[in-house]
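Read-outs throughout are calculated quantities, based only on the coordinates presented, and are distinct from any laboratory measurement. In this text the structure is predicted, and so the values were computed from the model without any measurement. Positions of Cβ are generated from backbone atoms using ideal geometry, with glycine treated the same way; all protein chains shown enter the neighbour counts.
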Amino acid sequence: MKLFILFIMSVIFVLPILADITEDINVQVDLPKFGTYENNTTEYYKNNVKLVETVSKLHGKGFWGKMIANFFPNGKNAEIYNLDEKNIYSLDYDKSSYYVHPIEKYFEEGDDDSSFEAEEEEEVEEGTSKFKTIRVVFEVIDKKEKREINSFNTKRFNVIYLLEKEEIETGKRFIDSLSVDIYTFQDKKMLTKFNSEKNGFNKKLMELVGVQMDEDYYNSMLGLNWIEMMSAMEQNKSNTEFEIDYAKLKKIKGHPVLVEGDYFNKNYDPNNKVVSKPQKKKKRGFGLGSFVDKLAESAIGTVEEESQESSVYKKVLSYSSETQKISIDKIEKDISKIPEDFGEVKFAD
């Protein structure tokens with residue numbers, strides 16, 4: 001459980017405050033089976049207070065997508081993290097109400113993950129007889145391209161990930177693939193101030209819950225935890241152990257302005273020989289050299305027409321996160337203030 005909570009925290013506080021900072025971010029997640037989730041977020045940092053205002057909407061598709069959309073939180077909401085008061089205030093603008101979460105020390109000094117790590121090792125040992133890893137591909141490529149996005153001068157990087165596993169008993173293959181484009185800007189003066197302030201706030205917050213952490217944000221920034229999260233939900237494939245050299249992410253310099261990714265998977269049985277007509281492949285124009293081109297084409301799951309008996313790559317989700325604006329100007333409004341017409345909702349202990 002501790003590992004899970006730390007993971008969630010690393011996602012919430014993606015980038016690790018003394019001065020004022022404002023950041024506008026737009027996130028869109030497309031789930032082909034269920035619809036599209038949109039989230040517009042503005043974060044304000046001022047002294048020991050952080051205000052996060054969000055406007056979200058799930059556009060459901062199909063019966064189940066529309067059903068889920070009815071229960072999904074929509075509209076405008078906000079959270080105020082007040083480190084001086086050691087409270088988090090959650091605001092619901094539709095209901096003109098708020099409730100308070102105390103910021104408490106969740107982990108005590110000396111608390112470690114040994115028991116949880118032992119459980120994970122036991123699960124891996126149990127799963128080694130079911131699956132074996134066929135190949136793992138992980139590449140970070142400097143595309144050497146420049147593009148202006150929202151007044152930011154950015155550079156483009158591409159991350160390619162592919163994992164192929166085989167079920168030993170049946171010989172069936174399972175492939176997860178992910179391709180992410182990252183556009184970063186490298187204004188050193190702004191980034192030094194921006195990152196130091198955000199890091200400072202998040203470090204204080206972590207200390208209040210009893211966690212000492214290094215601010216290595218690369219993994220969650222790039223969305224590479226999609227694979228881990230989804231693999232964990234698939235019980236028949238969650239026990240395969242593999243290593244990824246995340247140090248390659250250090251090639252990416254600067255702050256992400258635009259992150260766009262697509263996640264595909266494919267299940268097939270190589271023992272089923274199917275004769276199909278050869279298809280003319282479309283040149284995708286990666287310009288990375290023949291070997292890497294083929295690798296990239298495989299990793300993003302190029303879908304060609306195949307017979308009904310043969311599986312194809314299926315898109316699981318598409319993800320986009322775009323920074324609209326970053327400001328280090330003074331924030332005039334009181335971001336710790338709750339609207340006067342809001343009533344507090346208290347929950348029974």
- Item | Cross-link table Lys198/Lys337; Lys61/Lys325; Lys143/Lys188; Lys66/Lys315, entries beyond 27 Å C-alpha to C-alpha | Lys61/Lys325
- Points 7 angstrom from Cα along the Cβ direction at Asn47 and Glu85: gap in nanometres? 1.3 nm
- Read phi for every residue in the stretch 148-165 and hand back ³J(HN,Hα) as whole Hz from Karplus 6.51 cos²θ - 1.76 cosθ + 1.60, θ = phi - 60°, with x for Gly and Pro. 8, 10, 6, 6, 9, 8, 10, 10, 9, 10, 10, 10, 10, 9, 8, 10, 10, 10
- Estimated distance in nm for a label pair at His59 and Lys95, the labels positioned 7 Å out from Cα along Cα-to-Cβ: 2.8 nm
- Query: Each residue of the stretch 140-145 in order: what ³J(HN,Hα) in whole Hz does its phi give by Karplus 6.51 cos²θ - 1.76 cosθ + 1.60, θ = phi - 60°, with x for Gly and Pro?
  - Reply: 10, 10, 7, 6, 6, 10
- Return the FRET efficiency for the residue pair Lys146, Glu340: r is the Cβ-Cβ distance, R0 is 45 Å, and the value is rounded to the nearest 0.05. 0.40
- Query: What is the spin-label model distance, in nm, from Ser196 to Lys253 if the labels are put 7 Å beyond Cα along the C-beta direction?
  - Reply: 2.0 nm
- Note, ³J(HN,Hα) from phi for the stretch 33-43, Karplus 6.51, -1.76, 1.60, rounded to Hz, x at Gly and Pro: 7, 10, x, 10, 9, 10, 9, 10, 10, 10, 10
